[in-house]
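What follows is one structure encoded as structure tokens, with my remarks underneath.
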2 protein chains.
Amino acid sequence: MVTKKFAGTADEADLRRADSLAREIFSDVANKWALLIIEALGERTLRFSELRDEVEGISHKMLTQNLRMLERNGLATRKVHPTVPPRVEYTLTEPGQALRATVDLICGWTHQHFGHIETARRRFDA
Amino acid sequence: MVTKKFAGTADEADLRRADSLAREIFSDVANKWALLIIEALGERTLRFSELRDEVEGISHKMLTQNLRMLERNGLATRKVHPTVPPRVEYTLTEPGQALRATVDLICGWTHQHFGHIETARRRFDA
């Protein structure tokens, strides 16, 4: 679905590879927890425990999984400070910040349209 | 996470309600299938079977569930044409189109940053 818009900017093999990777990354980040973590880290560097507080309702396991995914994709970095106990901090990278800007737009969209959505739900559920 | 930015524009009870609804809607739409369906419907009105072709890998069940969710939230409309067999078509509403614009940005972001992401993955997996 993504390739069409970018056709003509690279040869076909490159495009296929880009498209397949794009789908993979999209699958990784297009989930509620990942987007909420990105949103929280957009404000400032946070420790694991702070992230748990910021992202209401997230389990230890889901937070760990999603942080590893963000780190793997180069969207967040993990820094261990050699204190006792060790302090572990997460920071968004530049591509992570760029993604966050789009997540912000989804949040803004939600607020802008929630009247319409509430009405539609009432009608649908009736 | 969403409320803070909009504080001062409504009273507290309204904000709490908006924030709780925003979280709900965000949970609904922040999933891979919903976003891919929105992306496909952004191009044009589609029949159920056409959507299945456009959104590669989606199951009948997931497509049905997500279309009902989009309809319930007023993001897509469902129209049944009285033919034999009935033709069922889905169209994005205006709020659905606005959301699609933000989904487009995520797709664009993926393409813009996939070099960085590939490198980060190789390093992480090593």
Item to check | Pairs beyond 25 Å (Cα-Cα), from A:61/B:32; B:32/B:61; A:32/B:79 | outcome: A:32/B:79
Next on the checklist: Among B:56-62, B:70-76, how do they line up by average Cβ neighbours within 10 Å per residue, starting with the highest?
Outcome noted: B:70-76, B:56-62
Next on the checklist: Label position 7 Å from Cα toward Cβ: report the copy-to-copy distances for residue B:81 in nm, one decimal, ordered from shortest.
Outcome noted: 6.4
Next on the checklist: Need one word for segment B:43-126: rounded, prolate or oblate. Basis is the Cα gyration tensor (sqrt eigenvalues a ≥ b ≥ c); a/c below 1.5 gives rounded, then a/b vs b/c decides.
Outcome noted: prolate
Checklist entry - To the nearest whole number, what is the average tally of beta carbon atoms from other chains within 10 Å of the beta carbons of peptide A:96-108? => result 5
Checklist outcome for this item: Shielding of B:27-39 by other chains, given as the mean Cβ count within 10 Å, works out to 4
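Laboratory data are not the source of any read-out in this text; all were calculated from the coordinates shown. In this text, all values refer to a predicted model and were calculated from it rather than measured experimentally. Positions of Cβ are generated from backbone atoms using ideal geometry, with glycine treated the same way; all protein chains shown enter the neighbour counts.
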